[in-house]
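A.B. asks: Mind looking over this structure? Questions follow.
Nothing in this text is a laboratory measurement; each read-out follows from the coordinates by a stated rule. From a predicted model like this one, the values you see are computed outputs, not experimental measurements. Using ideal geometry, Cβ is built from the backbone for each residue, glycine included, and neighbour counts are taken over all protein chains shown.
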């Protein structure tokens with residue numbers, strides 16, 4: 001009968017648990033806010049292209065380590081990304097199933113939009 | 001040969017011109033940022049439901065006049081809404097054609113997501 005902390009919406013590996021919103025806590029405003037930043041959108045595009053979990057260090061952003069950590073946290077707290085430890089590496093995976101169940105087609109339309117913009121002939125990304 | 005100011009991307013009625021981004025200046029990050037705010041998302045949902053231009057005062061937001069004006073400006077400057085004067089009334093219309101050409105399916109997937117969230121059984125909007 002020992003009280004136990006159950007990480008209902010977390011992902012625990014190796015004893016370290018990171019907070020995640022449960023599916024029904026994910027809000028469209030938070031998702032759009034998270035995706036509205038160029039660096040975070042880049043992370044999401046890389047995760048989508050990889051179709052698997054990636055370490056934070058695998059996704060090389062042209063920002064400081066602390067800024068990068070901030071961006072990953074925003075993605076996790078908005079419900080877009082699930083973060084967990086594999087040994088000492090912090091892994092990141094898209095919460096495709098949760099997002100698709102809540103907001104069908106949204107993630108793919110944003111990824112498509114970002115892809116179209118990246119390939120516009122205006123020279124900017 | 002008088003120099004003339006041509007409002008290439010503006011909408012001029014009655015001499016007052018409001019700045020709008022041209023289609024190819026509309027950026028996905030700006031669109032997502034604009035849609036990430038609950039008040040602005042509400043405006044976009046009302047404009048989509050109306051399927052016509054609405055005055056700012058028709059869309060009654062529970063915020064101050066200056067905050068409301070700010071939200072409409074963000075929507076205009078991001079390329080989501082076209083604003084123009086009809087007499088003394090400032091009208092607002094969704095730039096559906098521009099958004100659909102740039103980011104097919106994006107606006108509808110966001111509207112659908114917002115609608116689903118509003119109808120979730122969690123009592124919040």
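A.B. asks: Binned at 10 Å from 0, what are the whole-percent values of the Cα-Cα distance distribution for segment A:23-120, short to long?
C.D. replies: Going out from 0 Å in 10 Å bins, segment A:23-120 shows 16, 52, 29, 3, 0 percent.
A.B. asks: Using a/c under 1.5 as the rounded threshold, could you call segment A:40-88 rounded, prolate or oblate? The axes a ≥ b ≥ c are square roots of the C-alpha gyration tensor eigenvalues, and prolate needs a/b larger than b/c, oblate otherwise.
C.D. replies: Since a/c stays below 1.5, the shape of segment A:40-88 is classed as rounded.
A.B. asks: Take every Cα pair under 8 Å in segment A:23-120 that's 6+ residues apart, average their separations, divide by the length, and report that relative contact order as a whole percent. If you can, show how the numbers build up before the last one.
C.D. replies: Details: 84 pairs, mean separation 27.4, N = 98.
Relative contact order here is 28 percent.
A.B. asks: Cα centroid distance between segment A:14-48 and segment B:34-110, in Å?
C.D. replies: Measuring centre to centre over Cα atoms gives 26 Å.
A.B. asks: Another question, then. For each of B:19, B:37, count neighbouring Cβ atoms within 10 Å of the residue's Cβ, then give the residues from fewest to most.
C.D. replies: Arranged by neighbour count, lowest to highest, B:19, B:37 become B:19, B:37.
A.B. asks: Once both labels are modelled 7 Å past Cα along the beta-carbon direction, what's the residue A:23-residue B:73 spacing in nm?
C.D. replies: Those two pseudo-labels are separated by 4.2 nm.
A.B. asks: Going 7 Å from the Cα of residue B:16 along its beta-carbon direction, which residues of segment B:27-62 have the amide nitrogen within less than 14 Å of the resulting point?
C.D. replies: B:55-57
A.B. asks: I would also like to ask the following. Report the gain in length on full extension from residue A:63 to residue A:85: 0.36 nm times residue separation, minus Cα-Cα distance, nm rounded to one decimal.
C.D. replies: Full extension from residue A:63 to residue A:85 adds 5.7 nm.
A.B. asks: Ranking B:111, B:106, A:35 by Cβ neighbours within 10 Å, fewest first, what do you get?
C.D. replies: Fewest to most other Cβ atoms nearby, the residues stand as B:111, B:106, A:35.
A.B. asks: Within 10 Å of each residue's Cβ, count the other Cβ atoms and sort B:61, B:102 from fewest upward.
C.D. replies: Details: B:61 17, B:102 20.
Fewest to most other Cβ atoms nearby, the residues stand as B:61, B:102.
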